[in-house]
Amino acid sequence: MAEEEGLERGEINGGLASMDSIDSRWVFQDEDDSEVDDEEAEDDVRHRTVVDSEDDEDDDNAEQRLIRTGPRIDSFDVEALEVPGALRNEYEDFSLGRKIIIAFQTLGVVFGDVGTSPLYAFSVMFKKAPINGNEDVIGAMSLVLYTLILIPLLKYVLVVLWANDDGEGGTFALYSLICRHAKVSLLPNQLPSDARISSFRLKVPSPELERSLKIKERLEASLTLKRLLLTLVLAGTAMVIADGVVTPAMSVVSAVSGLKVGVDAIKQDQVVMISVAFLVILFSVQKFGTSKVGLAVGPALFIWFCSLGAIGIYNLVKYDSSVLKAFNPVHIYYFFKRNSTKGWYSLGGCLLCATGSEAMFADLCYFSVRSVQLTFVLLVLPCLMLGYLGQAAYLMENPAAAEQAFFSSIPSGVFWPVFFIANIAALIASRAMTTATFSCIKQSMALGCFPRLKIIHTSRKFMGQIYIPVVNWFLLVVCLVSICTISSIDEIGNAYGIAELGVMMMTTILVTIVMLLIWQINIIIVLSFIVIFLGLELTFFSSVLWSVGDGSWIILVFAIIMFFIMFIWNYGSKLKYETEVKQKLSMDLMRELGCNLGTIRAPGIGLLYNELVKGIPAIFGHFLTTLPAIHSMIIFVCIKYVPVPVVPQSERFLFRRVCPKNYHIFRCIARYGYKDVRKESHQTFEQLLIESLEKFIRREAQERSLESDGDDGDTDSEDMTSCSRVLIAPNGSVYSLGVPLLAEYKESSEPISEASTSEEVKPAPPADQTAYDAEQSIERELSFIRKAKESGVVYLLGHGDIRARKDSWFIKKLIINYFYAFLRKNCRRGIANLSVPHSHLMQVGMTYMV
């Protein structure tokens, strides 16, 4: 339930803005300014009247109220201040031998896709625009050269790779990066303490750059722009998944098609059967992980790139070196002048030389930016250019061999060794986007945009290397269906172009936002980037869309289905969370119940999992009315995913008191990054949680001690317990609030009338006696915690489902009652992530009407 609930929602930010001044003051407060809900007021503010933000949102007729505010010390923020230094890159300070091994793994994981493009790029191009002379070959070669230079090199290697999120790449990593610098998430659960995570590294836009500030304000203020941004991210992720289907189909079928050159008796049906067998084997070994597979196939891909370069040089020398004129871009103009419409059709084939560019970014979490950049510039790009130039030189004298340009250009003496290496490289390429798909789906699950699935770590050293079994076999099935349905290389190539261009365009738009909002660079550079690259990609996209009726529409439909799955999951999760926020229990109810909560308090600790970072969840009331007794200590545990890749273990838990001390109720926020996966056993989790709770109690006592030492007018902590505060809701209800978490500012002047008590203020006891009493109070509470822990820990899991109201629109009923319900029923249950014995579990179901 922990990961289940933590993944699904964000918190609706509400609450009174923090005051930095030391003196309390009276201010007018309306519902739009409220940022602290009743529980936060309960724990953090002494002697002030506040507005309940949750009720505020529900009451349109709320009037402005005069409230008194004091300095606010948020316990979450205080704890978050104690953080170590920023995380070090897990790939730093490796020995030379280790760097060489990583370089081989980089080849095997990142560059397989783009490395096998010479197998099919020219074949698809010249199928759409047949060769009518040497100028056509040179023009096509010029198109390929400058596509390689513009998209993989300039766009991805030199620009996009730098837009990573602390080493993470992909569309959701870009979205996470943007969400940290502007509140654009539709499920906002940000707390001020989140920005204090050492890996957060927040850079606030500079005041001098008004453009960045205006863009930030516009994004945060417009719900339409927020929805549009999320739509772009979901569309990009859907295209990545579709790319993971079509990449294996294209790479393997084109490699096996070489048999038709070496053996005349081989027909297309045999090619399809052999390709199916290869793909089954490939996806079966995926579970062994990136490190093992990448290290095994890295040397093979190195040999492949060397073979491309060597064959290219051989063909240039033997046939026609005049193809080097293709470096002059004027030949692109001549190509389109000679072929016009056919030349435009051939752009879909030309784009295939840049396929795999997105994999360099999406697979970045596996390797460092510098290793990917250097490997591409020093090895991959030169070998690719030589390989294409060699094929073009061969076609200058053998234009009839364009259908199998690569295999026909191989010298006869080395045909079979190169054929074998080509098939190995194709299998490697098939893994490239599969690996990227795992990474993107993991990120989207953590940010609440994809149903929960089982995730397996394949490396103990590198946390980013994962394997998702359901996705792996799902991609295999769809891939096999695609091969059997679309057997033609040309049609598969067109589908490949659709998937690749879709994610490329989304990346271009998101990186442009990063340039404007975060990098804050010159507007001319930003405009040049988006005009050049988005214009280029739209031109390519228009070409592949024109041929969508050839069979490649299957991939487009598949991407649309994946998009709607993510959209429905995000929409349903958002509705469920907002409903739970509205129905949370009020603090005055907890006051009326008393410290025994209206029931029997049995020895032990109850960990109640919920997704709220503020307030008391409604499911807790369900437990109180259902169970004959409740545990002597209750901890509301919220598993919260923050928009950073990794949260250090030392910064994992944040605590807060929910009620007065004698209630023994705490809130714990366990923070995880989208790259983190919960692997600890329930015993380890309990131990870490209790240790963090003990540290929190000691820190709380230290804060009280420091403040009592600095304020002669303060009473001791026991006297503070008797003080009360009043919370006035917009509907006029008066809530009696209890002890704050930390001893804070207390007016030495006469108290507020609403918050005053009839008791006389007693003289402060001697300092030594106060210190002794405080120490005894700490020890009593710590002893209580230890005894509760010895009595046992029980996991209280509330399964909340949602149903559309009867008066809802038909579309909403269809989405919530059927589609979203189906996804929730078939996704991985949160209980599976806890690894808790059934004897320690207690579950209650609850249905919300939305």
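The values are calculated or read from the model by the stated rules, or taken from the named source; none is laboratory data. These numbers were taken from a predicted model, which means no experiment stands behind them. Heads up, the Cβs are rebuilt from the backbone with ideal geometry, glycines too, and the neighbour counts pull from every protein chain shown. Note: areas computed on protein heavy atoms with side chains; ligands, DNA, RNA excluded. Shrake-Rupley method; radii C 1.70, N 1.55, O 1.52, S 1.80 Å.
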For this session: Just report the Cα centroid separation between the range 306-343 and the range 118-141, whole Å.
Result: 9 Å
Exercise. Simple spin-label model, 7 Å along Cα-to-Cβ: residue 826 to residue 337 in nm?
Worked result: 5.7 nm
Exercise. Can you flag which of 442/789; 127/267; 640/661; 574/661; 216/812 are past 23 Å Cα-Cα?
Worked result: 442/789; 640/661; 574/661; 216/812
Problem set entry | Prolate/oblate/rounded label for the range 361-405 (Cα gyration tensor, a/c 1.5) | prolate
Exercise. In what sequence, largest accessible area first, do 180, 803 appear using a 1.4 Å probe?
Worked result: 803, 180
For this session: Would you please classify the overall shape of the range 445-590 from the alpha carbon gyration tensor, given that a ≥ b ≥ c denote the square roots of the eigenvalues, rounded means a/c under 1.5, and beyond that prolate means a/b larger than b/c while oblate covers the rest?
Result: oblate
Seminar exercise, completed: With R₀ set to 41 angstrom, the calculated FRET efficiency between the beta-carbons of residue 344 and residue 812, to the nearest 0.05, is 0.40
Exercise. Could you give the length gained on full extension between residue 772 and residue 477, defined as 0.36 nm per residue of separation minus the Cα-Cα distance, in nm?
Worked result: 99.3 nm
Seminar exercise, completed: Honestly the range 522-633 on the Cα gyration tensor test (a ≥ b ≥ c root eigenvalues; a/c under 1.5 rounded, otherwise a/b vs b/c for prolate or oblate) is just prolate
Problem set entry | Segment residue 790-residue 183, extension gain: residue separation times 0.36 nm, minus the distance between their alpha carbons | 214.2 nm
Seminar exercise, completed: Counting only protein heavy atoms and leaving out ligands, DNA and RNA, the solvent-accessible surface of residue 538 at a 1.4 Å probe, in Å² to the nearest 10, equals 90 Å²
Exercise. Residue separation times 0.36 nm, minus the C-alpha to C-alpha distance between residue 162 and residue 542: what's the value?
Worked result: 133.9 nm
Exercise. Using a 1.4 angstrom probe and counting only protein chains, how large is the accessible area of residue 128 in Å², to 10?
Worked result: 40 Å²
Exercise. How much solvent-accessible surface does residue 573 expose, in Å² to the nearest 10, with a 1.4 Å probe and all protein chains in place?
Worked result: 0 Å²
Exercise. Once you put a point 7 Å from the Cα of residue 627 and another 7 Å from the Cα of residue 519, both along the Cβ direction, what distance in nm separates them?
Worked result: 5.3 nm
For this session: Take the alpha-carbon centre of the range 351-403, take the same for the range 788-821, and report the distance between them in whole Å.
Result: 49 Å
